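Remarks on the structure that follows.
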Amino acid sequence: MATPTHSAAGQSRARVRWEHASIPSPSGPVPARVYRPAASAPQGWLVWAHGGSWRAGSAQDWHGPTAELALISGFAVASVDYRLVPEVRHPAMVEDVLAALAWAREQAVERAGERAGESLPVAVGGDSAGATLAACAALACRDRALPLAAQLLAYPPLDPGCTAASYHRYPDMFPTASYLMAAWQDYRDPGRPAAADGTPLYSTPFEAADLRGVARAVLATGDLDPVGDDVHRYARLLHTAGVEVTLREFGQTGHGAFLQPGRATGSGPETTSLRGWLGVALRLLTSPAAPGA
């Protein structure tokens, strides 16, 4: 899947520095692209998992949108080339995201400069299938008592059965229920995998019996997105568990909106685009003046 090219993305890339990175993990190096705003030191670190139904996609394919997300949020963004189906199945992808988070925490401490004992905030996020992985990684961080400033989730599919009404409201809209059910079957192994330390590695946060204590969540979906009801359900579950949730549904918007052209301008980002809104929400949520930051 190619990243759309447009003038706004080109302007964003010109104001963002990026480099390749190799992130160590128990399964071997995990490739990533790291994006930093060129004009200032990063406000924090965001590990991003791209979409693609766990079967496709790459940091290169997501290059323009991820660069713009770094510019708008003010965060350094590590876009992870996690392992894909059919070479692996869950929980390999979640483990790759967790390895990237561990690496990002090290960078956050180093980049905090001379502020002894301090660290920049670290968040996790993703779009579509990558957002599912990000939500599962956030739960593993909770279970390991590891700090996580936020989870930034763009339209994650969360129900392997695709039973919600939104899957059938617009049956011809991508992704269809049959398409996603096949993707879930390819992605998941039977059983409930756990890490070597015993931490559950969920394939969807809907498997978790308790969501209390998970990181603050920023959720985005579209009113025409078949996974929209999953997103709204997760927001309700998080709220019931006492987790701070920010949710926005974009009108006349389907799946894949993170890849659509943004509107970053010289006078500041437009929050009318899903990508722009996510970046602004992350920046505001984790700023020193924000409650709970």
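The values are calculated or read from the model by the stated rules, or taken from the named source; none is laboratory data. Predicted, not measured: the structure shown is a model, and the values here were computed from it. Every residue, glycine among them, receives a Cβ derived from its backbone with ideal geometry; neighbour counts consider all protein chains shown. When the accessible area is computed, the model is the full protein with side chains, heavy atoms only, and any ligands, DNA or RNA have been set aside. Shrake-Rupley method; radii C 1.70, N 1.55, O 1.52, S 1.80 Å.
For region 192-222, a residue qualifies if it is out of contact with any Lys or Arg (no Cβ under 7 Å at 6 or more places or on another chain), surrounded by fewer than 17 Cβ atoms within 10 Å (Cβ to Cβ) and assigned to a loop (DSSP other than H, G, I, E, B), and the qualifying residues are 192, 195, 196, 197, 198, 209, 210, 212.
Only one of the numbered conditions (1) under 27 Å from residue 104 (Cβ atoms); (2) in contact (Cβ under 8 Å) with a residue 12 or more places away in the chain; (3) of a type outside the set (A, V, I, L, M) is not met by residue 169, and that is (1). Being more than 23 Å from residue 285 (Cα to Cα) and without any contact (Cβ under 8 Å) to a residue 60 or more places away in the chain is a property that does not hold for residue 55.
Of all residues in region 147-191 being assigned to a loop (DSSP other than H, G, I, E, B) and open to solvent by 70 Å² or more (accessible area, probe 1.4 Å), which is modelled with the lowest pLDDT? Out of the qualifying residues, it is 190. Of all residue pairs spaced 6 or more apart or on separate chains, none has beta-carbon atoms under 9 Å together with a first member in region 15-27 that is more than 24 Å from residue 72 (Cα to Cα) and modelled with pLDDT under 95 and a second member that is of a type in the set (Asp, Glu) and in a strand (DSSP E or B).
Taking the conditions (1) assigned to a loop (DSSP other than H, G, I, E, B); (2) acidic (Asp, Glu); (3) open to solvent by 10 Å² or more (accessible area, probe 1.4 Å) in turn, residue 225 satisfies each one other than (3). So which residues in region 50-105 are more than 21 Å from residue 186 (Cβ to Cβ) and in contact with a Leu (Cβ under 6 Å, 6 or more places away or on another chain)? Once the filter is applied, which keeps residues that are more than 21 Å from residue 186 (Cβ to Cβ) and in contact with a Leu (Cβ under 6 Å, 6 or more places away or on another chain), region 50-105 yields 65, 73, 75, 77.
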